[in-house]
1. As an exercise, identify the chymotrypsin sites (Phe, Trp or Tyr not before Pro) in region A:168-202 lying in DSSP coil whose Cβ has no more than 16 other Cβ atoms within 10 Å.
2. Counting other Cβ atoms within 10 Å, which chymotrypsin sites (Phe, Trp or Tyr not before Pro) in region B:158-243 have at most 10 and lie in a DSSP loop?
3. Place a point 7 Å from the Cα of residue A:235 along the Cα-to-Cβ direction; which residues of region A:96-134 have their backbone N under 13 Å from it?
4. Given bins 10 angstrom wide, list per bin the percent of all Cα-Cα distances in chain B, short to long.
5. Mean residue ellipticity at 222 nm from the helices of chain A, using -39,500 (n - 2.57) per DSSP H segment of n ≥ 4 over the full residue count, to the nearest 500 deg cm²/dmol?
6. Quick check for me: using +1 on Lys/Arg Cβ and -1 on Asp/Glu Cβ, what's the dipole size of the protein assembly as shown about its Cα centre, in debye to the nearest 20?
7. Local charge sum around residue A:223 (other residues, Cβ-Cβ under 12 Å, Lys/Arg +1, Asp/Glu -1)?
8. At R0 = 51 Å, how high is the FRET efficiency between residue B:190 and residue A:113 if r is their beta carbon distance? Nearest 0.05 is fine.
Amino acid sequence: MVSGPHQTAGMLSQVITFFLAALTMVYLSYALPRFLPGDFVTATYAGANVTLTADQEAGLRAYFTQDEGFGDYLLRLATLDWGYSYAFLTPVSDLFLGALPWTLLLLGAANLISMSIGFVTGVEAAWRHGSLTEKGLVGGMTVLEGIPEICTGVILLIVFALNLQWFPAAGAETAYSDLGFFSRLIDIAHHLTLPLATLVLAYFPGNFLLTRNSMMMVIKAHYIETARAKGLPPRRIRYAHAARNALQPIVTRFGLRLAFMITGALVVERINSYPGLGTLLFNAIQARDLPVIQTVVLFSSLIVLVVILGMEGVYRIIDPRIRHAR
Amino acid sequence: MHVNLIRDLRHDPWFFTGLGLMVVFAGVALLGPVLAPFDPSDISFAPISSPSTAHPLGINDGGQDILSELLYAVRNTVAFGLLSGLTALLIGVLIGAVSGWFGGLVDAILMRIADILLAIPAIMILILTAALFYPPPYLLALILAFLMWPTISKAIRAQTLSLRESLHVQAATQMGGGNWHIIRHHLIPEMFPLYLIGFAAKTRMAVFMEASLAFLGLFDPSRKSLGMMIAYALKYYYMDIWWNWLMPPILCLSLIIMAITFFAISLEQMVDPRLREALVEKTA
C-alpha cells in the first residue's frame, strides 16, 4: 500500500499545488486592476454612490497609476496595508478583520453541524437499506439538495422572522444592549439561528447522500462480514468498522463542494444581513468600493486554501491506513 | 453498457421527474419572448400593483409586468447555465482525454493546472472580474467554464487510462492509428454517460452561480434574472408581494436546480458500477 516516502511526497505535492493556487490568486488581484482601460477613477466612481473630494480623487489616481512592483504589493499585503475604503471611510484591514469572526462562526458551525448530522443519518440510512425510512430519507434529501440557499433563506426569513417573529431578521447581536457574558452568548446564538439553519439545510443533504452512498459500498466488504461473524454489537460494527471507511469521501469532496458553499454563504449573509464578509462584500459591490472588494476576494480565497489543505492534513493523520503504512 | 443504462433509467422516477422538468424549462426558455405578454423593460404600468387579468403576477416597483420579467429571467438563467456547462464539458473532455492518452509530462502539467483551479473558489474570480470590468454575461459564463472543467477532466482521464489498455484500442494502435484518430474515434465516443453527468453537474453549478451573482448585483441591472428578481422583491418584503412577486422566481430557481439535481443523481447511481451493484442487489 502507501509507503512512507510516497506519503511525504504526496503531501509535499499538495502543498506545492496550494502554494501555486495562492500565488495565482494574489497575482490576479495584483494584475487585474492594471488591465482596466481608460481612466480607472472616473470609470469606477463616476456612477457610484461614493462622492470623492478632490484630495481623495488625486490620492486614488496616484494609487492606481503608480507602477508598483509585484514584490512591493506582496510586502504591502503582508503588513496589513490593504488600502482605504472610500465608502466606509475606514482602513480596509479594520473592516475585514471586523467581519471575519462572524463569517468563521457561521460557516464553521454550519459545516460542523451538517457534517455530523449528515454523517450519522447517512450511516443509519445505509444500514437500513430498503426500508421505508431509508427510502423516505433519500427522497427527502434529494429534493432538499435541489433547493438553493437563496430560496430556503428567503422562505425561512419570511416565516420565522416576519410572520412568527421568533428570530431577529438582521444583525449578529442586539445593538447597544449592555448584556452580561452569558446573556450575550444567548443573544448571539439567537441571531445566528436563521442563517445557520439556512446553511445547514443547504449543506446537510449533500453530506447525507454522500455518506449513504459510500456506506452502501463499504457494508458489502468482507471485513464487515467478519465483524458480524464475531458477534460484535451492530452499533460497533456500524461505526468502528464500517463508518470510518465511509468518512473519506466527505473529506475529499469537501474541497469540491466548497465553490457552492462559499457562494451560498455570501448570499445567506446578505439575506439575513449578517455582518460577516458576505455582507461587507455586498455593500462594497453596491458602492463599487474597489479596495474592499479586492481584499475580501483575495483573503477569503487564501483562507479557503488554508482550510482545505488543513482538512487534508488532518485526514492523513486520522486515517489508519496511512498512519500505519510504515 | 448503454443498453442496460437506458433500461435501468426507464424505471427510475427521479430521472423522469428531472427530465420532464428540464423539458418544461427548456420550452419556457426557448418560447419566452413569444409567451411574454409584454416587453419586460416596459415601465408604463402602475408600480407595485396586485395581480389582475391583464397582469397575472402583477407589476413590480419599476412598473414592469412581473410575468414577462419572469419568462425572460428563466431564459437568461437557463442560457447562462447551458453555455457554461457545455463549454466546461468540451474543455474537460478534451483535456481529460489528451492527459490520459499521452501521459508523461503533458499529463503531469495538465493535472497540476487542474488541481490549482480546483483549489481556487470560482465565485471569487467571478466577483473580481464582474466588479472590475462589467463583462457581458456570456463572458462570465465562459470564465466560469474555464474554472469548472477540472472535475470533468479527472473523471475522463481515469476512464481513458483504463480504455487505453482495452483490446480494441490496442488493436487500433497496432494498425497504425494516430494519436488524434484514436482520441476522436475510439476514446471520445466510448464515454457517453460520463458526459451527461459532468454536463449536468456543471450546469447546476452555473445556474446556482448565476443566480447568486445576480442576487449580489453583479450583472447589468437591465438584464432580467431570477436572482435579481428575488433581490429586488426582497426590498419590499414588508408589503403584500410574496405570492405574486417573491415566490415565482424562488419557485422557478428551485425547480430548475432540482431538475438538474434529480437527473444527475439518478445517472450517477446508474453509472458508478460499484454503487450500482451495492444498490441493486439488495433491493432486488
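1. Values: sites: A:176, A:181, A:182; in loops: A:176.
Here the sparse-neighbourhood loop sites are A:176.
2. Working: sites: B:180, B:195, B:199, B:208, B:215, B:219, B:232, B:236, B:237, B:238, B:242, B:243; in loops: B:219, B:236, B:237, B:238.
Answer in residue order: B:238.
3. none
4. Cα pair-distance distribution for chain B, in percent: 6, 24, 27, 22, 13, 6, 2, 0.
5. -24000 deg cm²/dmol
6. 2500
7. Neighbourhood net charge equals +3.
8. 0.75
Bear in mind that the values in this text are calculations on the coordinates, not laboratory data. In this text, all values refer to a predicted model and were calculated from it rather than measured experimentally. Note that each Cβ is placed from the backbone with ideal geometry, even for glycine, and that neighbours are counted across all protein chains shown.
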